[in-house]
Every structure is written in structure tokens, then in C-alpha cells.
Amino acid sequence: MIQATVSNELFQRAQNSIPGGVNSPVRAFQAVGGNPRFMVSAKGPYLYDEDGNQFMDLINSWGPMILGHAAEVVNEAVQKAIPNSLSFGAPTRKEVEIAELIVSMVPGIEKVRMVNSGTEATMSAIRVARGYTGRDKIIKFEGCYHGHGDSFLISAGSGAITLGVPDSPGVTKGTANDTLTAPYNNLEALKTLTAANKGQVAAIILEPVAGNMGLVTPQPGFLQGLRTLCDQEGIVLIFDEVMTGFRLAPGGAQELFGVTPDMTTLGKIIGGGMPVGAYGGKRELMDYVSPAGPVYQAGTLSGNPIAMSAGMAMLTFLKDHPETYTQLDSTAASIVAGMQANMQQLGLSYTINRIGSMFSIFFTNEEVVDFDSAKTSDTALFGRYFNSMLQRGIYLAPSQYEALFLSTAITENLAEQYIQANYESLQEVLKA
Ligand code: HOZ
């Protein structure tokens, strides 16, 4: 049994001064049972907690640590930037350079504005879409999560599902009424919805690969169909690539699927692990943003020099090393093949969805293509599996409704260890 005495004490203590003891709900482990582990450090493929335990990390800060923790290329850039002050609240050369780099890598981005989180990016992107089109409504998909902005907490994924509050109290009826929802991967339902709200929809926003109801990939033709519909109806198509940007390909899911949105939101990885987000898109849309245009959006910490240095180092590395993606894909493919072989041996047929270095196991025998099918998963079983893997030194996302993210620090050898732990954990939870 892995010790958790110090983490347990800290969690207890945290309850007095932090809501629920954590600064982001999913971390509280409520969806899987048990108490969260409090981390001290991480290096390469491993996290180390307050009790001195080592865990192989399959979250990687929900994506950004794609090169493993404390990657030298990023750390060196941060260390070099620190002596020059942590914040100016004035423009810098680095902001120009990272903007140019992002524009050169992401097909749908001609201009980009840096912000501090994915939530800020999505909130700002829909404001621009509304300002540009003069329309109020937006369409999002059930089970997709776009951060905690009011407009998105309707049928939201991630922690909002886990904690049973997909439509959060505190969101006004007016805001909720302006957010329409459709089932993911269902073009017909979307066409009906847009027809019923003709001329009123400013934007359709989606994760081109959904990662917040577990991993759900777009069905063939879905993204292309969205593109056509948006063109026909004058709707701004927004890809939320906070998780998939620079992870599935240098140009994100839009490069992989060959579908270019009007706007893109980015986060996590563009700060190399520091708090950064960005939104960008077509020149004519982005020129609506203040001070070029009338849509207001601002931030003292936006373009922060340390975060820009980390992000620049990360993105430059990814642009210069496309083999990173081949390596990640091959390790993820081995892991998933191993998990499938384990299931065959144990007579199980749970669903595993994977694309590149992101994957999810769903404890259901149904194909998972949308929120409804994701919800057929046995979440109690997932909780037992999670804890069994944790006991074997593997740190998974603490909810069925999240994706896993590999890093290049997870070697084929570690992949073997993972597959073995998966076998033992499946066996253990089946016995229970
Ligand atoms: N919203 C994140 C998962 N989709 C979790 C963030 C966190 O707890 O760090």
C-alpha cells in the first residue's frame, strides 16, 4: 500500500482555507474516491508526492508537458528570462516572435492575441464572434468543455460532469438562453438547430477532438460538415484547441484533419507549462479586437515575459522536431495495443479511444462517439481502476470524463510497465 499520510494531512488542512481543499475541482479525486496526492516535484515521466512516492504521469498537466516534466529546453529559457524582471505590463520583442511562430504553425491563425488561460481565450473568442456578426447566440456541443466562462457551463464536460453540475448555478438565464447545445458528431441535429435559429448564431465552438468527456474523436466528415454549414450560414467556426493545439500535430487538430476554422483558442502548451492562453484567427475577425477594433479585451499579465520565453522554447522545439509526434504516436499505439491484448486475455471488451498521444479507456462495451455514449461508462468501475493503477505507481486523470496525455519521456520500456499495471488493475477490479 502506497503511503499517503502527508498528502492526507495537507488535504485535511486545505479544507479550512481552500474550497473543497483544491484550486481546481477535478483534482479533489471526488470522482474516483480517496484523497488527492500533493505533489512536490516532477522530472521526465515521473511525479513525486509529499510522501516520497513516485508516479508515472499520464496527465502531464493536462497536456503541456509533452516533452516530460522539467524539460531542459524550456527550463533554460525560463532561467534566462528571470533576471530581466517577471513582468513589465508593456510590450516585448518576445510577444512579436511568439505571435509570428504561432501564425507560421497554425493554419487558421493569421493574427493572435495572448491571454493567461484557455478560459480567457474562449470567452474572448466568442465575444469577438458576437461583435463581428452582431448576433448573440452560440452553439456548443454536449460534453465539450471550454473553461469556466458563463456561456460554456451549459451541458459542460470535464469537472462539470464529474461533480454533477453541468449547468452551473450562478449562470444567468439570459446567458444560458444564448447558449444552444447539440450532440457531438451529429451534423443532422446541428443543421436542425441552426435552421431553427437562422440568422441568430454568432459562433459554433467545439473541441475538434473532444477531451473532456473522455477522448472522443470526430467521425469522418463531421468537421468538414461543420465548415460547410458555417460558411453557408455566416457563422464563425471556433476550434478550441486548448488541449489538441501543438499536441496532435504542430498545427493541432486542424492540421491533422485538414479543416481550417475561422478562430482558434489555445492554452496550456503555448506556455510550456506556464499559465498562458491565446486566441487567434482570420485577420478580419482579429482586427475587431481592441485597440485595432471595437471588441474590448485586455490583461496586465498577457504576454508575460517568463511565460512567453517558456512557450517560445516549447513551440520552437516542436516545430524543429516533427519526429516528436511520430514517437508519441508510436508509444501511444503500443500502450493501447497492450491494453487491448490484456482485455482479450481477460475476456473484456471495454472501449478505448485514441488519437496520437491522447487516449481514454471507457468502462462500457458501446462505441463512444458523444456525451450520451460516454455516459454509458461504469464510473464506479473506473474509480476502482484508477485507484488500483495509483497503487501501482501510475497517475491517471482522476475522472472517467478526461483524456490521458503522453509525454516523450514515457519510453517503450515504461509503456511495458504501464501495460503490466493495466493488466493487474483490470484483474483486481474484476475480482472486487
Ligand atoms: N479542467 C481540467 C481538465 N479538463 C482540469 C484542470 C486541473 O484540475 O488542473
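Restricting attention to segment 336-360 and to residues that are at pLDDT 95 or above and among the hydroxyl-bearing types (Ser, Thr, Tyr), the residue that is surrounded by the most Cβ atoms within 10 Å (Cβ to Cβ) turns out to be SER357. The single residue among LEU215, LEU206 that is within 16 Å of the ligand (Cβ to nearest atom) and either polar (S, T, N, Q) or in contact with a His (Cβ under 9 Å, 6 or more places away or on another chain) (or both) turns out to be LEU206. Hey, does segment 153-170 have a residue that's more than 16 Å from the ligand (Cβ to nearest atom) and among the hydroxyl-bearing types (Ser, Thr, Tyr)? Taking every residue of segment 153-170 in turn, none turns out to be more than 16 Å from the ligand (Cβ to nearest atom) and among the hydroxyl-bearing types (Ser, Thr, Tyr).
Could you please let me know if GLY258 is within 16 Å of the ligand (Cβ to nearest atom) and either over 17 Å from GLU402 (Cβ atoms) or crowded, with 23+ Cβ neighbours inside 10 Å (or both)? Spelling it out, it is not the case that GLY258 is within 16 Å of the ligand (Cβ to nearest atom) and either over 17 Å from GLU402 (Cβ atoms) or crowded, with 23+ Cβ neighbours inside 10 Å (or both). Pick from GLY199, GLY143: which is within 23 Å of the chain's Cα centre (by Cα) and either more than 16 Å from the ligand (Cβ to nearest atom) or in contact (Cβ under 8 Å) with a residue 24 or more places away in the chain (or both)? The conditions single out GLY143. Determine, yes or no, whether GLU120 is within 19 Å of the chain's Cα centre (by Cα) and either farther than 29 Å from ILE204 by Cβ or within 16 Å of the ligand (Cβ to nearest atom) (or both). Taking the combined requirement at face value, the residue satisfies it. Just to verify a result, which residue in segment 219-241, among those that are surrounded by fewer than 23 Cβ atoms within 10 Å (Cβ to Cβ) and assigned to a loop (DSSP other than H, G, I, E, B), is nearest to the ligand (Cβ to nearest atom)? So, considering only residues that are surrounded by fewer than 23 Cβ atoms within 10 Å (Cβ to Cβ) and assigned to a loop (DSSP other than H, G, I, E, B), the one nearest to the ligand (Cβ to nearest atom) is GLN219.
Could you go through segment 15-23 and let me know if any residue there is of a type outside the set (A, V, I, L, M), in contact (Cβ under 8 Å) with a residue 12 or more places away in the chain and in contact with a Pro (Cβ under 9 Å, 6 or more places away or on another chain). Taking every residue of segment 15-23 in turn, at least one turns out to be of a type outside the set (A, V, I, L, M), in contact (Cβ under 8 Å) with a residue 12 or more places away in the chain and in contact with a Pro (Cβ under 9 Å, 6 or more places away or on another chain).
Of the candidates PRO91, PRO83, PRO36, the single residue that is within 15 Å of the ligand (Cβ to nearest atom) and either within 24 Å of ALA307 (Cβ to Cβ) or of a type outside the set (S, T, N, Q) (or both) is PRO36.
Here the condition is being crowded, with 17+ Cβ neighbours inside 10 Å, out of contact with any Lys or Arg (no Cβ under 7 Å at 6 or more places or on another chain), at pLDDT 95 or above and assigned to a loop (DSSP other than H, G, I, E, B); of TYR401, TYR385, it holds for TYR401 alone. Scanning segment 46-60 for residues that are touching a His at 6+ places or on another chain (Cβ under 8 Å) and under 18 Å from ALA403 (Cβ atoms) gives LEU47, ASP57, ASN60. Out of the residues in segment 1-33 meeting the condition of being assigned to a loop (DSSP other than H, G, I, E, B) and among the β-branched types (Val, Ile, Thr), tell me which one is farthest from the ligand (Cβ to nearest atom). In this case the residue turns out to be ILE2. Condition check for ALA125 on (1) surrounded by 22 or more Cβ atoms within 10 Å (Cβ to Cβ); (2) within 16 Å of the ligand (Cβ to nearest atom); (3) part of a helix (DSSP H, G or I): one failure, at (2). For segment 1-28, residues that are aromatic (Phe, Trp, Tyr) and either surrounded by fewer than 16 Cβ atoms within 10 Å (Cβ to Cβ) or at pLDDT below 95 (or both) total 0.
The set of residues from segment 39-65 being under 16 Å from THR5 (Cα atoms) and either near the ligand (Cβ under 10 Å from one of its atoms) or free of Cβ contacts under 8 Å to residues at least 60 places away in the same chain (or both) comprises MET39, VAL40, TYR48, ASP49, GLU50, ASP51, GLY52. When we screen THR181, THR244 for residues that are closer than 27 Å to ILE66 by Cα and not in a helix (DSSP H, G or I), the only hit is THR244.
The values are calculated or read from the model by the stated rules, or taken from the named source; none is laboratory data. Not measured: the values here are computed from a predicted model. Cβ: placed from backbone, ideal geometry, glycine included. Neighbour counts: every protein chain shown.
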